[in-house]
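The values are calculated or read from the model by the stated rules, or taken from the named source; none is laboratory data. Treat the numbers as computed from the prediction; the structure is a model and nothing was measured. Here the Cβ positions follow ideal geometry from the backbone for every residue, glycine too, while neighbour counts run over all protein chains shown. We work out accessible area using only protein heavy atoms, side chains counted, and drop any ligands, DNA or RNA first. Shrake-Rupley method; radii C 1.70, N 1.55, O 1.52, S 1.80 Å.
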Amino acid sequence: MQSYVEENYDVLVVGAGHAGCEAALAAARLGLNTIMFTVSVDSIALMPCNPNVGGSSKGHLVREIDALGGEMGKNIDKTFIQSKMLNSSKGPAVHSLRAQADKREYSQEMRNTLENTENLTIRQAEVADILTDDEKNITGVKTYSGAVYHCRAAVLCTGTYLKARCIYGDVSNPTGPNGLQAANHLTDSLKALGIEMFRFKTGTPARVDKRSIDFSKMEEQFGDERVVPFSFSTDPESVQKEQVSCWLTYTNPETHKIIKDNIDRSPLFSGMIEGTGPRYCPSIEDKVMKFADKERHQVFIEPEGLYTNEMYLGGMSSSLPEDVQYKMYRTVPGLENVKIVRNAYAIEYDCISAVQLKSSLEFKKIRGLFAGGQFNGSSGYEEAAAQGIVAGINAAQYVKGKEPFILDRSEAYIGVLIDDLVTKESTEPYRMMTSRAEYRLLLRQDNADLRLTKRGYEVGLISKERYEGVLEKERLIAEEIEREDKIINDLLALVKMDKSAASVNITSVDINALTELILRRLRPIAKKTDIELTLISKREIIAEVDEVKLSLILTNLIENAIKYNREQGRVNVILDADHQFFTVQVADTGIGIPEDSIQHIYERFYRVDKSHSREIGGTGLGLAITKGAVQLLRGSIKVESIQGEGSVFTVKIPLTRSLA
C-alpha cells in the first residue's frame with residue numbers, strides 16, 4: 001500500500017489509556033515533539049472496568065506518579081465523587097487513598113489536559129506496523145490506512161486492545177473493552193520482529209440501573225469526612241465537597257447454587273477462554289468454585305458517575321451467559337428486581353512478558369522502542385500509569401542521549417513494580433500489593449513527595465517552585481524531629497534516674513494548654529477509637545513540670561490504655577486537677593480488660609528491660625517513659641476492670657514543687 005501521509009516526530013505513543021496518557025504527557029512536557037495514537041479519541045483515559053483510582057498499594061503508585069510530575073493524581077482530584085483512606089486502622093505504611101471517579105468526567109478532563117499540552121498531537125488511527133532499520137533501531141510506525149509516522153523513539157501502551165475479544169457464555173465478540181474497536185494487526189508485526197507474545201484475560205461485572213436497586217437492604221458506605229487529595233499540589237480545601245455513597249451487600253448460598261449449576265456454561269471452565277486471568281481479581285464463578293467453604297462474598301455497588309444511573313457491581317465480574325447473570329444477580333439482597341444495562345464479560349488480549357524489556361522499559365531487541373501498561377502483562381489503571389510515566393521519561397532520555405531513568409526497589413513502589421515485571425516471568429496479570437515491597441515501611445504514600453520529587457525535578461517534570469516547597473517541608477520535618485528527639489532523650493534520662501542529664505524547664509502549667517497538647521497528640525488515634533475528653537477543672541496550675549513532656553507522658557498512658565480495650569467501646573478521657581494532684585483517668589465501655597491482660601500491663605510497667613526501652617515508637621518505650629516519669633513525679637498508676645462493663649486506667653501526679 002502506497003503511503004500518501006508522512007510525518008516526523010521525536011516520540012510516538014501507541015495507545016491513549018492510563019499508560020499512554022502519562023507517557024505522552026511526560027515526553028511532551030520534556031520538550032519533545034510527541035504524537036499519541038488511539039483507536040478512538042472518545043476513549044482517552046477510559047475506565048472500562050472499576051470506576052475508581054487508588055486502593056491498597058495502588059494509592060501509593062498514584063502518589064508516586066504525582067511526585068514525579070505525572071497527571072493521574074491531579075485528574076482524580078478534579079473528578080472524584082467519593083474518597084476514602086483505606087487501612088486507616090493499621091500502620092501508616094499501608095494507609096492508601098482510594099477515590100470513586102466520575103468516569104466520563106475523568107476521561108474528559110484528561111483529554112482536555114492532553115489537548116492543551118504543548119508539543120503534543122493526538123491522532124485517531126490504528127497502528128499496524130512497527131518500522132525499524134537493519135540494526136533494529138525504531139524508525140517509525142505505519143497505520144492500517146498506510147500513513148507513515150517517523151520517530152526517534154516510540155512507546156507501546158496498547159492495553160487490552162491487541163486482538164481482543166469479549167466473551168460471555170457462548171457469545172464471543174472480536175472487540176476491545178466497552179465494544180470499542182480492537183487492534184488486530186500490530187501483534188503480527190511484533191512477532192515478525194522477534195517479540196514473543198502471550199494471551200491474558202481479565203473481566204468486568206455487569207452495570208445495572210440504579211432505579212432497579214433496593215438500597216434499604218444494603219449497608220451504606222460513606223467517604224471520609226475530611227478528604228485528603230491525591231496530588232501533593234492540590235489545595236486540600238478544594239477537595240472538600242459533598243460525596244456520593246457506595247453500598248455493600250453479599251452473595252448467598254442461593255447465588256452460589258445458580259453459579260455451580262451453570263458452571264459448565266462458563267467459558268472460563270469450558271475451555272473457550274484461552275488466556276490466563278488475574279489471581280487477585282477473580283470472577284464470581286472462580287471465587288465460588290475455589291472457595292466452596294465461603295457462604296457469602298462481598299458485593300460493592302458503586303456509581304459510575306454523576307451523569308448516569310449505571311452502577312458497577314464490584315466483586316461480581318463474570319463471563320457466565322446472559323440468562324445466568326440475571327438469575328444470580330437477582331438472588332443478592334437489594335438486587336431482586338435489578339435491570340442490567342451492560343452485561344458482565346471477560347476480555348482476552350495479546351500482551352508480552354516484560355522480561356523482554358530492560359529496567360528502562362526499552363525492548364532488549366529493538367532500540368528506542370519502549371512499552372508500558374497492561375501490554376507488559378500487568379493489571380490495573382495505576383500500574384499502567386506508573387509504567388507509562390517511566391516509559392515516557394525514558395523515551396525522552398533516549399532521544400536526548402541521556403542515561404535512562406530507573407527507580408530502585410528501595411526508592412518507590414514503581415521501582416518494585418517494574419523490577420518484578422522485567423526480572424520475573426509472569427504467568428498471570430501482575431497486580432501491585434504492599435507485600436511485594438520489602439521496603440514498604442519506608443515507602444509510605446504520605447512521603448512519596450519527599451522520596452521522589454527531587455527525581456522528578458532532576459529529570460525536568462517538576463517545577464523549581466514545587467521542588468523548593470518540598471525542600472522547605474524537609475527542613476521543617478528535620479526541625480521537628482530534632483525537637484522531639486530532645487524530648488525523648490530527656491524522658492529517657494528521667495527513666496534512667498539520671499537527673500544530671502535531664503533538661504527540665506521550669507514553667508507554669510496551664511491545664512488548658514496541657515489539654516490541647518494531649519488532644520493534638522491523640523488526634524491520629526482519635527480516628528480509630530471513639531474518644532471523649534472531659535475537662536473537669538479549668539484553674540491554672542503552677543508546678544515545676546515541662547508541659548510538653550508531661551503531655552507526652554500522659555498521651556502514652558492514654559494510648560496504652562486504649563490499646564488494651566479489646567472492643568470498640570467509647571473511651572472517656574478525664575483530666576482533673578486541684579492544688580494537690582493532677583489526675584488522668586481513661587475509662588472504656590467495652591468488655592473490660594481481662595485479668596491476664598491487667599497482669600501483663602503491670603509487668604510491662606514495672607519490669608521494663610533495656611530491649612523494651614529501645615522500641616522507639618513502640619509500646620515498650622511508651623511504658624518505659626510513663627513508668628519512669630510517673631515514678632519520678634511520685635505519682636501512682638492504677639488499673640481496675642469489671643468483666644463485661646469496662647475498665648479504668650488512672651494515673652495521679654502530685655503537684656509538688658520539684659521533680660526530685
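When restricted to residues that are farther than 23 Å from residue 310 by Cβ and touching a Cys at 6+ places or on another chain (Cβ under 9 Å), the range 35-68 contains 2. Each residue in the range 337-382 was checked for being open to solvent by 20 Å² or more (accessible area, probe 1.4 Å), charged (D, E, K, R) and either over 29 Å from residue 210 (Cα atoms) or outside any loop (DSSP other than H, G, I, E, B) (or both), and 5 pass. Right, residue 305: touching a Cys at 6+ places or on another chain (Cβ under 9 Å) and either crowded, with 24+ Cβ neighbours inside 10 Å or not β-branched (Val, Ile, Thr) (or both) or not? No, not satisfied.
Yes/no per residue for (1) free of Cβ contacts under 8 Å to residues at least 60 places away in the same chain; (2) open to solvent by less than 50 Å² (accessible area, probe 1.4 Å); (3) outside any strand (DSSP E or B):
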| position | (1), (2), (3) |
| --- | --- |
| 130 | no, yes, no |
| 135 | no, no, yes |
| 141 | no, yes, no |
| 154 | no, yes, no |
| 158 | no, yes, yes |
| 166 | no, yes, no |
| 175 | yes, yes, yes |
| 190 | no, yes, yes |
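Looking at the range 32-40, can you tell me whether even one residue there is more than 20 Å from residue 157 (Cα to Cα) and in a strand (DSSP E or B)? Explain how you work it out, then say what you get.
Pass one, the range 32-40, residues more than 20 Å from residue 157 (Cα to Cα): none.
There is no residue in the range 32-40 that is more than 20 Å from residue 157 (Cα to Cα) and in a strand (DSSP E or B).
Within the range 31-43, is even one residue touching a helix residue (DSSP H, G or I) at 6+ places or on another chain (Cβ under 8 Å), touching a residue at least 24 places away in the same chain (Cβ under 8 Å) and closer than 29 Å to residue 228 by Cα? Yes, that holds for at least one residue.
All of 220, 254 fail the test of being among the charged types (D, E, K, R), loosely packed, with under 15 Cβ neighbours inside 10 Å, over 30 Å from residue 9 (Cα atoms) and without any contact (Cβ under 8 Å) to a residue 40 or more places away in the chain, apart from 220.
What do you reckon, is residue 278 open to solvent by less than 20 Å² (accessible area, probe 1.4 Å) and modelled with pLDDT under 95? Spell out how you get there, then give the answer.
Values: open to solvent by less than 20 Å² (accessible area, probe 1.4 Å): yes; modelled with pLDDT under 95: yes.
Against the criterion (open to solvent by less than 20 Å² (accessible area, probe 1.4 Å) and modelled with pLDDT under 95), residue 278 qualifies.
Residues in the range 14-38 that are open to solvent by less than 30 Å² (accessible area, probe 1.4 Å) and more than 26 Å from the chain's Cα centre (by Cα): 14, 28, 30, 32, 34, 35, 36, 37, 38.
Mind counting the residues in the range 1-37 that are under 16 Å from residue 394 (Cα atoms) and among the polar types (S, T, N, Q)? Count: 2.
All conditions in (1) open to solvent by 10 Å² or more (accessible area, probe 1.4 Å); (2) modelled with pLDDT of 95 or more; (3) farther than 19 Å from residue 141 by Cα hold for residue 399, with the sole exception of (3).
Do the conditions hold for residue 215, that is, is it under 30 Å from residue 456 (Cα atoms) and open to solvent by 20 Å² or more (accessible area, probe 1.4 Å)?
Working: under 30 Å from residue 456 (Cα atoms): no; open to solvent by 20 Å² or more (accessible area, probe 1.4 Å): yes.
Criteria not met by residue 215.
From the list 115, 105, the lone residue that is open to solvent by 30 Å² or more (accessible area, probe 1.4 Å) and in contact with a Ser or Thr (Cβ under 7 Å, 6 or more places away or on another chain) is 105. Take the conditions (1) modelled with pLDDT of 95 or more; (2) hydroxyl-bearing (Ser, Thr, Tyr); (3) surrounded by fewer than 22 Cβ atoms within 10 Å (Cβ to Cβ); residue 83 misses just one of them, which is (3). Taking the criterion of being touching a strand residue (DSSP E or B) at 6+ places or on another chain (Cβ under 7 Å) and not in a helix (DSSP H, G or I), the residues of the range 391-450 that qualify are 427, 428, 429, 430. Listed by first and then second residue, the pairs linking a residue in the range 400-416 that is more than 14 Å from residue 386 (Cβ to Cβ) to a residue that is in a helix (DSSP H, G or I), with Cβ atoms under 6 Å apart and 6 or more places separating them unless they lie on different chains, are 404/394; 404/397; 408/415.
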